[in-house]
Amino acid sequence: MPGMLEGRVAICTGAGRGVGGEVAKLMAANGAKIVVNDPGTSGTGEGHDETAAESIVREIKAAGGEAVANYGSVAKFDDCLAMVSQARDAFGGLHIVFNAAGILRDKMFHNMFPEDWQAVIDVHLTGHFNVNRAAINLFREQNYGRLIMVSSTSGLLGNVGQANYGSAKFAVVALARIVAMENAAKGITANVICPSADTRMTRSVPTPKDPQAAALREERLRRSRADAIAPLCVFLASEQAAYVNGQVFHQRAAELSLYGHMRPLRMVHREGGWTPETIAEVAMPSLATQFTSLDSRSVHSGLPME
C-alpha cells in the first residue's frame, strides 16, 4: 500500500532527535522524501554537531526511504531559504514544513537575562517565521502546502520559569491562525501541535521538589514516548487533512486534545460607560466568577493517557 505522503517532500527541522526525529522517520515511512534539519546544538543552543541529523538520515535510508541532512539554523532566514533550495534540488519540490527546532533557557522572570529571552525567541518564534516564510510563496505558486507548527502547553497554559519559551509558543498559535486565514484559498493549511513527550527538552525542565509530584511527572514522561506524536503530524501533512486548518492540538501518548480559540467568557455593560469606582464595585466582581486560575495546567492532569 502506498503511504499517506507518497510523492511528497518535507522539511523537518529539529529532526536529529526527539519528536522531530520520530516525525521525520514516520513521514519517510509514509512515502515522503525528507530534508532532515538539525544543527546539533546543545539544549540551550550552543555548539554544532552534524551527527544528529546524519543519524536520522541513516535510519531513514536503512528503512528504504529517502533523506538528506541539513545543518542550518531556523534562527537565520538565509539558512531557511537554503533548506527550501536543498529540498527542490535534491527531490524536485517541497510540500510540507514541520518545525520542531527548539532550545530552552529556563529562568524565573526576575533572573532572566536579555540574551536568554532573545535566544529562545529567535529559535521558537522567529524560527517559525523564517522557515515558513521561506516556503510560503512556493506553496502559493503550486496551490498546495502543509505547515505544521509546534507550540506548547507552556504557552497555552503557562509554566513557571519559562516566560521566554511560553511567550514564543503562545505567539506561534497566533502566527499559524493568521497564516491559515491568509492562505486557505491557496490549498495551504497551517496547524499547531503541542506535544508532551519524553525528550531531551522536557527532561531539562527542573523536577518538582514534592516527591509525589516528581514521581507523577516521571511516570507521565515514561509513558509519553516521542514516537506517539508522529501519526498526528503525518495525517496533518497529508492531502486527507485539507479540511483541518488553523487548529491547535495537544497530544500526550494516546491522549489527543483539540484546543479552542480565545473568546470572551463573560461580558458586562453599563449605560453611560464605566468609572474606576463602578468597575471596582460592579464590573470586576461580576467578571471574577470566570477568572482563569493560575493552576490552569491541571486541565490535563486527570485525563487518561492510554
Mind telling me which of the residues 110, 128 ends up being open to solvent by 40 Å² or more (accessible area, probe 1.4 Å) and at pLDDT 95 or above?
110
Would you check if there is a residue in region 76-98 being open to solvent by less than 50 Å² (accessible area, probe 1.4 Å) and among the aromatic types (Phe, Trp, Tyr)?
yes
Going through 203, 297, 222, 252 one at a time, which residue ends up being out of contact with any helix residue (DSSP H, G or I) (no Cβ under 6 Å at 6 or more places or on another chain), at pLDDT 85 or above and of a type outside the set (Val, Ile, Thr)?
252
How many residues are open to solvent by 20 Å² or more (accessible area, probe 1.4 Å) and either within 17 Å of residue 104 (Cα to Cα) or without any contact (Cβ under 8 Å) to a residue 12 or more places away in the chain (or both) if we restrict to region 136-155?
2
Name the pairs: first residue in region 106-135 and more than 14 Å from residue 175 (Cα to Cα), second residue of a type in the set (Asp, Glu), Cβ to Cβ under 7 Å, at least 6 apart or on different chains?
107/116
Picking from 11, 60, 56, the residue that is crowded, with 18+ Cβ neighbours inside 10 Å and assigned to a strand (DSSP E or B) would be 11
Within region 250-270, track down each residue that is farther than 17 Å from residue 152 by Cβ, touching a residue at least 24 places away in the same chain (Cβ under 8 Å) and not basic (Lys, Arg).
254, 261, 265
Going residue by residue through region 66-76, is there one that turns out to be at pLDDT below 95, of a type outside the set (Lys, Arg) and under 18 Å from the mean Cα position of the chain (by Cα)?
no
Looking only at region 252-273, which residues are farther than 25 Å from residue 236 by Cα and of a type in the set (Asp, Glu)?
271
Identify the residue in region 181-200 that is at pLDDT 95 or above and among the β-branched types (Val, Ile, Thr) and, among all such residues, is surrounded by the most Cβ atoms within 10 Å (Cβ to Cβ).
192
Could you count how many residues in region 71-106 are in contact with a strand residue (DSSP E or B) (Cβ under 8 Å, 6 or more places away or on another chain), aliphatic (A, V, I, L, M), assigned to a loop (DSSP other than H, G, I, E, B) and within 28 Å of residue 166 (Cβ to Cβ)?
4
Give region 19-34 a look and list any residue that's under 15 Å from residue 233 (Cβ atoms) and in contact with a strand residue (DSSP E or B) (Cβ under 9 Å, 6 or more places away or on another chain), or say none.
19, 20, 21, 23, 24, 25, 27, 28, 32, 34
With the condition kept exactly as written, say whether any residue in region 235-244 is modelled with pLDDT under 95 and in contact with a Lys or Arg (Cβ under 6 Å, 6 or more places away or on another chain).
no
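The values are calculated or read from the model by the stated rules, or taken from the named source; none is laboratory data. It should be emphasised that the depicted structure is a prediction, and the values quoted were computed from it without experimental measurement. Glycine also receives a Cβ, built like all others from the backbone with ideal geometry; neighbour counts cover every protein chain displayed. Surface areas here come from the heavy atoms of the whole protein model, side chains and all, with no ligands, DNA or RNA. Shrake-Rupley method; radii C 1.70, N 1.55, O 1.52, S 1.80 Å.
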